[in-house]
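Undergrad: Below: one structure in structure tokens.
The values are calculated or read from the model by the stated rules, or taken from the named source; none is laboratory data. Predicted model, so just to flag it, every value in this text is computed and none were measured. Here Cβ is always computed from backbone atoms with ideal geometry, including for glycine, and neighbour counts include all displayed protein chains.
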Amino acid sequence: MLFPVLFQLGPLLAVIFLQHPPLANTAAIEMDRTSEQVEASIVDPDQECTPYNYAPVTNQLNSFPQVWGPASILPEDSAALATWNSISATIPTSIAKKTQPPPSSYPSSDPDCWWTYGQCTTPKLAGLPPDVTAASEPSTLGYGFDDGPNCSHNAFYDFLQSQNQKATFYFIGSNVADWPLEAQRALVDGHEICALTTFSSEDAFAELWYAMQMIKLVVGVTPTCWRPPYGDVDDRIRSIAHALGLQTIMWEYDTADASVDGKTITDQTVENNYNDFIQKAESGAFNLTGTILLTHELNNFTMSEAVSFYPQLKNIFQHLVPVGVSLNKTQPYVETNYSLPTFEQYISGTLTGSRVSPNSTTVLPSSTSSASPPPSVSSSIDSPSPNAATSAIKSGYDTVLLAAFFVTLSCSLQTALH
């Protein structure tokens, strides 16, 4: 039968080319990497992950803590200091700062609702909302990926685009600084952006503040949602996030795709986790209330696994939507020039909300960029990024489009056969 073969072939090709991209053209012509559109068009995997300067970021780096280092409030940052002074009185001082793993002396009653200790997601401190752990709509997967933007994500984003699929991306501030044009693509493509801090830092305020500010500087929007690193959050950190207007997004199930060590967690472990999750969905576990699955944009493996299992997730869930859409959260950013569609609008085919130029009241077509990223400026290849490990990641771009074509074709054939 033609359909089953094609249905399996599309994701398989995508996985093959993500994990084993074609040999890069080492003599690739230098591109003027000054805009999101140019960056998104790069097909050479070596060039895609070659570090570059982006002046709006490099000109402001002195206003941020060291990239890929623990954050603390800079003494001259009057805005950060003023914000901290305005909320510090609401932050509990009775909750001790945590270290991992949880010490044996920590009370078994879990008074601080420490997720790392007992997966607590309903705060015990008065006035704090529960963490979001699931999509509220039936048979719905809150679809999203941590640890971006990844330098080699063009192939993955093109795959999502070919499927008319939007997602929530949890961006690390230092990754945004390293790969600003890649960060801009997420908004241009209509995805939802949330913040993700790098460290379980003692100075949670500084980590969150500067992650939000970097995303604002680069992409033009300020997130109102965040995810703690490794899920390590307690009521002290929740109170800081809440005071900053951030909704805490957790998950119910973990693929462990970012934890592969070749020993206790292998590639097969991740595939087993995906399959177990799919079987749970098949059993009807999410028929009344949806869920959130933890997956990552971290590297070729995590992205290729996402491509590989996409058809099965799409088949077993009625809806795959960004987390904000699943919550009917139409205002995803502090800025009001961009909105998400409601859940009903999304599943009816309106995949992006209204997008308004910040300098006018004109509503732009939903297919255009709405965030008005910083203007393009001259840039050049500079010294290697601090994130050398991420820079080393490579992926195939144009070939994954071929795989996406097969997925689309197979879905069309499935519709025709039914």
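Undergrad: Six or more apart or on different chains, Cβ atoms under 7 Å: show the pairs whose first residue is in region 165-185 and without any contact (Cβ under 8 Å) to a residue 40 or more places away in the chain and whose second is buried (at least 24 other Cβ atoms within 10 Å of the Cβ) and aromatic (Phe, Trp, Tyr).
TA: Note: pairs meeting the criteria are ALA183/PHE171.
Undergrad: Still on this structure, I have one more. Cβ-Cβ distance below 7 Å, separation of 6 or more or different chains: which pairs start in region 50-79 with a residue that is closer than 22 Å to ASP32 by Cα and end on one that is part of a helix (DSSP H, G or I) and not hydrophobic (A, V, I, L, M, F, W, C)?
TA: PRO51/SER391; TYR54/PRO180; VAL57/PRO180
Undergrad: Restricting attention to region 262-272, does a residue exist that is in contact (Cβ under 8 Å) with a residue 40 or more places away in the chain, surrounded by 13 or more Cβ atoms within 10 Å (Cβ to Cβ) and over 18 Å from THR168 (Cα atoms)?
TA: no
Undergrad: Please specify each residue of region 20-47 satisfying the condition of being more than 15 Å from GLN184 (Cβ to Cβ) and at pLDDT 85 or above.
TA: GLN47
Undergrad: Could you please let me know if PRO123 is within 30 Å of PHE343 (Cβ to Cβ), part of a loop (DSSP other than H, G, I, E, B) and modelled with pLDDT of 95 or more?
TA: Against the criterion (within 30 Å of PHE343 (Cβ to Cβ), part of a loop (DSSP other than H, G, I, E, B) and modelled with pLDDT of 95 or more), PRO123 qualifies.
Undergrad: Ok, one more. Is it the case that TYR230 is under 28 Å from PRO111 (Cβ atoms), modelled with pLDDT under 95 and either crowded, with 20+ Cβ neighbours inside 10 Å or not polar (S, T, N, Q) (or both)?
TA: Spelling it out, TYR230 is indeed under 28 Å from PRO111 (Cβ atoms), modelled with pLDDT under 95 and either crowded, with 20+ Cβ neighbours inside 10 Å or not polar (S, T, N, Q) (or both).
Undergrad: A further question on this structure: Among the listed residues ILE16, ILE73, which satisfies the condition of being at pLDDT below 95 and either surrounded by 14 or more Cβ atoms within 10 Å (Cβ to Cβ) or in a loop (DSSP other than H, G, I, E, B) (or both)?
TA: ILE16
Undergrad: Say whether the condition of being modelled with pLDDT of 95 or more, β-branched (Val, Ile, Thr) and closer than 25 Å to PRO229 by Cα is met by at least one residue in region 306-321.
TA: Within region 306-321, one or more residues are modelled with pLDDT of 95 or more, β-branched (Val, Ile, Thr) and closer than 25 Å to PRO229 by Cα.
Undergrad: For region 160-171: of the residues being more than 15 Å from the chain's Cα centre (by Cα) and part of a loop (DSSP other than H, G, I, E, B), which is surrounded by the most Cβ atoms within 10 Å (Cβ to Cβ)?
TA: GLN163
Undergrad: Hey, another quick one. List pairs: first residue in region 350-362 and of a type in the set (Lys, Arg), second residue assigned to a loop (DSSP other than H, G, I, E, B) and modelled with pLDDT of 75 or more anywhere in the structure, Cβ distance under 8 angstrom, at least six positions apart or on different chains.
TA: Close Cβ pairs (under 8 Å, with a partner that is assigned to a loop (DSSP other than H, G, I, E, B) and modelled with pLDDT of 75 or more) amount to ARG355/ASN337; ARG355/SER339.
Undergrad: Could you give me the residue pairs with C-beta distances under 7 Å whose first residue belongs to region 223-248 and is acidic (Asp, Glu), whose second residue is in a helix (DSSP H, G or I) and surrounded by 20 or more Cβ atoms within 10 Å (Cβ to Cβ) wherever it lies, and which are 6+ apart or on separate chains?
TA: Final answer for the pair search is ASP232/TRP115.
Undergrad: Just need a number here: residues in region 100-120 that are under 15 Å from TYR253 (Cα atoms) and assigned to a loop (DSSP other than H, G, I, E, B).
TA: Summing the residues that are under 15 Å from TYR253 (Cα atoms) and assigned to a loop (DSSP other than H, G, I, E, B) in region 100-120 gives 2.
Undergrad: OK, next. Could you check region 83-142 and list, in sequence order, the residues that are surrounded by 12 or more Cβ atoms within 10 Å (Cβ to Cβ), hydroxyl-bearing (Ser, Thr, Tyr) and touching a Gly at 6+ places or on another chain (Cβ under 9 Å)?
TA: Of everything in region 83-142, those that are surrounded by 12 or more Cβ atoms within 10 Å (Cβ to Cβ), hydroxyl-bearing (Ser, Thr, Tyr) and touching a Gly at 6+ places or on another chain (Cβ under 9 Å) turn out to be THR116, SER136, SER139, THR140.
Undergrad: Now a separate question. Against the definition (under 24 Å from TYR117 (Cα atoms), out of contact with any helix residue (DSSP H, G or I) (no Cβ under 8 Å at 6 or more places or on another chain) and modelled with pLDDT under 95), how does ASP235 come out, yes or no?
TA: It is false that ASP235 is under 24 Å from TYR117 (Cα atoms), out of contact with any helix residue (DSSP H, G or I) (no Cβ under 8 Å at 6 or more places or on another chain) and modelled with pLDDT under 95.
Undergrad: Can you tell me how many residues in region 136-154 are of a type in the set (A, V, I, L, M, F, W, C) and part of a strand (DSSP E or B)?
TA: Number satisfying all stated conditions: 2.
Undergrad: If I go through region 97-127 residue by residue, how many of them are of a type in the set (A, V, I, L, M) and touching a residue at least 60 places away in the same chain (Cβ under 8 Å)?
TA: Final tally of qualifying residues: 1.
Undergrad: In region 322-339, is there at least one residue being more than 17 Å from PHE169 (Cα to Cα) and aromatic (Phe, Trp, Tyr)?
TA: no
Undergrad: Give, as residue ranges, the helices (runs of 4 or more DSSP H) completely inside region 221-340 that count at least 2 residues that are over 18 Å from the mean Cα position of the chain (by Cα).
TA: Correct list: 235-243, 267-282, 300-316.
Undergrad: When only residues in region 172-217 that are out of contact with any Cys (no Cβ under 7 Å at 6 or more places or on another chain), modelled with pLDDT of 95 or more and not in a helix (DSSP H, G or I) count, which is surrounded by the most Cβ atoms within 10 Å (Cβ to Cβ)?
TA: Out of the qualifying residues, it is ALA195.
Undergrad: Condition first: surrounded by fewer than 15 Cβ atoms within 10 Å (Cβ to Cβ) and assigned to a loop (DSSP other than H, G, I, E, B). Now tell me which residues in region 52-66 satisfy that.
TA: Correct list: ASN59, GLN66.
Undergrad: Right, here's the next one. Would it be correct to say that THR83 is out of contact with any Asp or Glu (no Cβ under 7 Å at 6 or more places or on another chain) and modelled with pLDDT under 95?
TA: no
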